[in-house]
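Enquirer: For reference, the structure I am asking about is given below.
Values in this text are rule-based calculations from the coordinates and carry no lab data. All of these numbers come straight from a predicted model, not from anything done at the bench. Ideal geometry is used to build each Cβ from the backbone, glycine not excepted, and the neighbour counts take in all protein chains shown.
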Amino acid sequence: METTLTRKEVLPFLALIGSLIVAALVLDAVLHHYQLVWIGRWLGIPGVLLILLSFFYSMRKRKIIQFGKPKTLLTLHETLTWLGALMILVHAGVHIYTILPWLALVAMLVNVVSGMTGKYLLNRSRRFLAEKKAAYQQQGLTEADIEKRLFWDATAYDLMTKWRVVHLPITMAFVTLGLAHILSIFLFWQWK
């Protein structure tokens with residue numbers, strides 16, 4: 001049975017996203033079970049702080065800051081974003097009754113998925129296609145035959161390369177909606 005890009009790269013990627021959702025559901029259920037739902041209400045704050053800390057990678061990449069190794073900051077970016085998203089998902093499990101927090105949550109999830117696409121799928125898919133092409137060349141296939149066999153994998157890869165076009169605007173939408181949510185909390189907080 002031939003290994004496909006979908007089986008080797010896309011399914012593990014979906015499993016990573018699924019693990020974020022499952023971890024949030026389990027943590028939320030544990031908090032509910034032990035009647036610690038109030039903790040979930042406050043997890044939004046450290047979640048946002050972790051996501052803000054993850055922006056050091058973006059600032060280093062754009063030369064806004066000079067410290068830190070890009071590879072280390074990328075790993076930190078991915079880890080802090082995943083943990084921050086987990087905390088915000090649990091925070092959202094406290095049962096939000098207005099549209100603004102839901103919009104911010106959806107924007108965050110789309111942003112996390114688009115970021116994972118860049119990291120997880122694109123780099124691995126490039127290697128996968130190169131390995132598969134090299135294996136076909138070793139088998140003595142012609143370029144035309146190789147192109148035919150790699151057509152669907154190459155098409156999937158081409159679609160994945162478009163992630164950068166949407167990642168930044170989605171990040172901006174998430175930041176805007178998140179700030180609007182935070183500001184609305186301060187406006188409608190019962191300060192008495």
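Enquirer: Answer with one residue from L53, L27, V90: the one whose Cα lies farthest towards the positive end of the charge dipole of the chain, charges on Cβ with Lys, Arg +1 and Asp, Glu -1.
Expert: Result: L53.
Enquirer: Considering only the other residues whose Cβ falls under 14 Å of the Cβ of M87, what net charge follows from Lys and Arg at +1 and Asp and Glu at -1?
Expert: 0
Enquirer: For an R0 of 41 angstrom, estimate the FRET efficiency from the Cβ-Cβ distance between A135 and Q66 and round to the nearest 0.05.
Expert: 0.45
Enquirer: Here's another thing I want to ask about it. Which of these, T72, T161, T171, has the largest mean-square fluctuation under a Gaussian network model of the chain (Cα springs below 10 Å)?
Expert: In the Gaussian network model the winner is T72.
Enquirer: Follow-up question, since we're still on this one. Under a 10 Å cutoff between Cα atoms, tell me which one of K119, K63, K162 has the largest fluctuation in the Gaussian network model of the chain.
Expert: Top of the fluctuation ranking is K63.
Enquirer: Tell me the volume per residue, in Å³, of the convex hull enclosing the alpha carbons of the chain.
Expert: Value for the chain: 159 Å³ per residue.
Enquirer: Relative to the longest principal axis of the C-alpha atoms of the chain, give the angle of the C-alpha long axis of helix 44-54, reported between 0 and 90° and rounded to the nearest 10°.
Expert: 40
Enquirer: If you don't mind, there's one more thing I want to ask. What percent do you get for the relative contact order of segment 5-188 when only Cα pairs under 8 Å and 6+ apart count?
Expert: Once normalised by length, the contact order is 26 percent.
Enquirer: Say the dipole of segment 5-188 comes from +1 at the beta carbon of Lys and Arg and -1 at that of Asp and Glu; which of M116, Q66, F13 then lies farthest toward its positive end?
Expert: The residue sitting farthest along the positive end of the dipole is Q66.
Enquirer: While we're here: Take the Cβ-Cβ distance between D158 and V110 as r, set R0 to 22 Å, and report the resulting FRET efficiency rounded to the nearest 0.05.
Expert: The computed FRET efficiency comes out at 0.60.
Enquirer: What chymotrypsin sites (Phe, Trp or Tyr not before Pro) in segment 44-142 are in a loop by DSSP, with at most 16 other Cβ atoms within 10 Å of the Cβ?
Expert: F67, Y97
Enquirer: Just to be sure I understand the model, the point goes 7 Å from the Cα along the line to the Cβ. What's the resulting W42 to L25 distance in nm?
Expert: It is 2.8 nm.
Enquirer: Round to the nearest 0.05 the FRET efficiency obtained for M172 and T98 when R0 = 25 Å and r is the Cβ-Cβ distance.
Expert: About 0.70, to the nearest 0.05.
Enquirer: Considering lysine pairs in segment 5-188 that are 8 or more places apart or on different chains, how many have Cα atoms under 25 Å apart?
Expert: The result is 24.
Enquirer: How big is the charge dipole of the chain about its Cα centre, in debye rounded to the nearest 20, if each Lys and Arg gets +1 on its Cβ and each Asp and Glu gets -1 on its Cβ?
Expert: I would put it at about 620 debye.
Enquirer: Using the basic label-point model (7 angstrom from Cα toward the beta carbon), what is the R126 to V165 distance in nanometres?
Expert: My value for the distance between the label points is 1.8 nm.
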